[in-house]
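Just below is one structure, and these are the notes that go with it.
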Amino acid sequence: MDYGFHAPTVSFPVAGTLMIEPTESEPKKEMDRFIEALIEIRDEIREIEEGKADKEENVLKHAPHTAAVITADEWTRPYSRQKAAYPLAFVKEAKFWPTVSRVDNAYGDRNLMCSCLPMEEYSKPEETTA
């Protein structure tokens, strides 16, 4: 999301993978932008692998970066605000500011919850009014 793309579907159909489904209507320029973002994200991973970025305090672990985080008075992260807010030049043209940072990572994909009524409620006979 820091690169201006909606997060891909995670853990579907194969756990631990991304599902990327561009449509026929996506222009080549948009596909090129997406590929550039994926390459940059791979470079961020490489920085961690090579010890150039901390394993816990890095741009990936804290992504996405909200406007509130970027504009806070204090910046305590080991990478720049610039890297967090505008990781590639094209992002400045149409920045998408997510309202929240990461939520439960992939917890919801692995721990399904139902907000339905208990099953017993469905087996009760309907009440009729006279």
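The values are calculated or read from the model by the stated rules, or taken from the named source; none is laboratory data. Computed from a prediction, not measured in an experiment: that's the story for all the values here. We place every Cβ from the backbone using ideal geometry, glycine too, and count neighbours over all the protein chains shown. For accessibility, only protein heavy atoms count, side chains too; no ligands or nucleic acids. Shrake-Rupley method; radii C 1.70, N 1.55, O 1.52, S 1.80 Å.
A compact table of results
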| quantity | calculated |
| --- | --- |
| THR128, sole failed condition from (1) at pLDDT 75 or above; (2) more than 28 Å from ILE35 (Cβ to Cβ); (3) open to solvent by 100 Å² or more (accessible area, probe 1.4 Å) | (1) |
| Criterion: open to solvent by 100 Å² or more (accessible area, probe 1.4 Å) and modelled with pLDDT of 85 or more - qualifying residue of LYS92, LYS83 | LYS92 |
| Residue in segment 58-76 that is under 17 Å from MET1 (Cα atoms) and among the basic types (Lys, Arg) present | yes |
| Qualifying residues in segment 39-60 (those that are free of Cβ contacts under 8 Å to residues at least 24 places away in the same chain and farther than 18 Å from LEU88 by Cα) - the one least open to solvent (accessible area, probe 1.4 Å) | ILE48 |
| Yes/no for TYR107 being among the hydroxyl-bearing types (Ser, Thr, Tyr) and modelled with pLDDT of 95 or more | no |
| Index of the failed condition, LYS29 passing every other in (1) basic (Lys, Arg); (2) closer than 15 Å to VAL91 by Cα; (3) surrounded by 15 or more Cβ atoms within 10 Å (Cβ to Cβ) | (3) |
